[in-house]
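A short worksheet on the structure shown next.
The values are calculated or read from the model by the stated rules, or taken from the named source; none is laboratory data. Bear in mind that the values here come from a model prediction, so they are computed numbers and not experimental data. We work out accessible area using only protein heavy atoms, side chains counted, and drop any ligands, DNA or RNA first. Shrake-Rupley method; radii C 1.70, N 1.55, O 1.52, S 1.80 Å.
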Amino acid sequence: MKAKNAAAHKRNISIITCLVALVSSFLLVVNHTYADAESQTTCTQIPSQSTSSQQTPPSRESSSTNHNNDEVPSQNIAITTGGNSSNDQNSDQRISVPSNQSSVNETTTHTPSDNTNSTNQSNPLSSPDATANKVQIAQQDVATSPLAPDQNPITTDFSKSNDNQATDSKTTVAQSESVSNIPTSGVDKDQMTVTGTINSTDPTIKQSSSNPLFKWLTNMTSAGTAALIYPLLASRQGVRFLLECRKIFFPRYTIDHTWSNLDQKYNPKYTKQFYTNAQQWYDIGVKRENLTIPFADGSGNASATYIAHPGSTKTIIYGQGWTTRPEWMGYVSKIFYDMGYNILMPYSRGQGSSDGEFVTFAYKDKQDWINWINKVNQINGSGSEVILYGQSMGADEALEAAAQKNLPSSVKAVVADCGYSTLPSLLYSLYTRAANKLNDFTAKIGWNLNGSIPLAPYDQFLKNLNNINYLLQSFNIDDASGITAVKNLALPTLFIATADDDFIPDSETKALYNASISKNKQLWILDGRVGGHASANNAVVAYQQHIQSFLDACCNVKNNSISNHTIAA
């Protein structure tokens, strides 16, 4: 009996010893591979003037893939900065950059400050009096305006040059901020690809060990991690499950979320009134029609909700974001309905009432959009004008659809709100956030992860995720790329983001702007508390004004019918 116990004891000791040796070896390899990774790679941003040296200029051939459109040859960046300005004369600086100029100058548009004295205000829901060079919001009595009594109207001027630099401290910060996100090491983490990640020499990106044994081990564990995560990211059932979880634990898509944490400069009082009315309007007030078209590849049918605006031949095609509820799109769509547009809200493959078992991240949806545009043209006739719009993944759907060579000439512009530059960049951002949160716990026992998740190095995780995607959907993750789209998109394009977006960083929108070949493009970033990801529309007053001003000034889209269905402030 004692002999058996002794043998069992020795066996247990041997097993424990092997496990300790294995873990110790793993920690040594992890420490050797990842330690001080941040010190090995400098990630400071370069000044905006150097973007011309980092970015390959687009060829004329790529810019000619789209039909000709009337364009204003200027590029604008509008960063909405809040707070009180020390110099009133510098509170509204705009710089227009010639299209052939390689450096990027930022247009700083100050939103109404809390301490600004004014008795006349603009009505954000009336049509701006646009000319070819200047758009200015008309003023009217404060009693009929949704702006707060101490706020000034927003003015967008496309004609001013950069002769005078702003001296205001907030303006200086905005102008010095690089529009690119390219570190001095030459690795642009907002333009990552699967191939580039696998071949990278940057240890913060290529995190797999050089030890063959542990590289094989982490490849197996990374494959298992990817196999668990992919269904949640891309399958119909997984996306539906995440949507329900978000409704319970992260109530982002609730009406009160639009104003509950909104900076006063964005007029939360009016936002509350607007979305309360919009919910009633969409749920019970407006006539909705269900439309269906075949998928471009014939594998099923796509569905959409259509809202006709009486007498209008202008249409907004509104791309669905990942896990976005259809009714939420309906509430937001009232912004465009009040601007005089018909609304078409297609549901992406694998979401809503459209067919498909997987979300294709715009890769297959972009050709379906051509069918949707043709459908809208049939409804509205020869005078049809179409604007492509989307938030998050829907923004990439709009960009990728507009970059197609067979795009109908009725499409006049694109409005891309918080789209991702590339899927590997978005995944890297999310991966890094998760690793940092995990590091908050491991650091307590002296284990610094340095941006990596144990047993799932990012490069191996991404490679396996791409392999699964190709196996199930027959395309590579790199094929669904906003960066590739904007390099082939010459239409006027408005890029929108919020500085408080913690899901898709605003740096990815900046990367899209930088890579865009459009001669008529604008970047607008809202600062302060807006609401996080895909929340720029919470600032209803500024959102509607800015989009309408851009379309009026750049695209010759006539604002012939602003609805009076909105409530009085």
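Numerical summary
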| quantity | calculated |
| --- | --- |
| Carbon and sulfur %, accessible surface of segment 401-441 computed with the full protein complex present, 1.4 Å | 57 |
| Protein-only accessible surface order, largest first, of 281, 259, 372 at 1.4 Å | 259, 281, 372 |
| Rounded accessible area of residue 198 (nearest 10 Å², 1.4 Å probe) | 50 |
| Hull volume in cubic angstrom per residue (convex hull over the Cα atoms of segment 295-344) | 92 |
| Accessible area per residue, Å², segment 298-380 with all protein chains present, probe 1.4 Å | 25 |
| Spatial separation of Cα centroids for segment 365-409 and segment 259-291, in angstrom | 25 |
| Cross-link pairs beyond the 25 Å C-alpha cut-off, checked among 314/405; 206/364; 314/334; 206/247 | 206/364; 206/247 |
| Computed accessible area, residue 470, all protein chains, 1.4 angstrom probe, square angstrom | 120 |
| Accessible-area order (highest first, 1.4 angstrom probe) of the listed residues 555, 245 | 245, 555 |
| Accessible area (Å², 1.4 Å probe, nearest 10) - residue 487 | 90 |
| Per principal axis, descending, Cα span of segment 396-487 in whole Å | 61, 30, 17 |
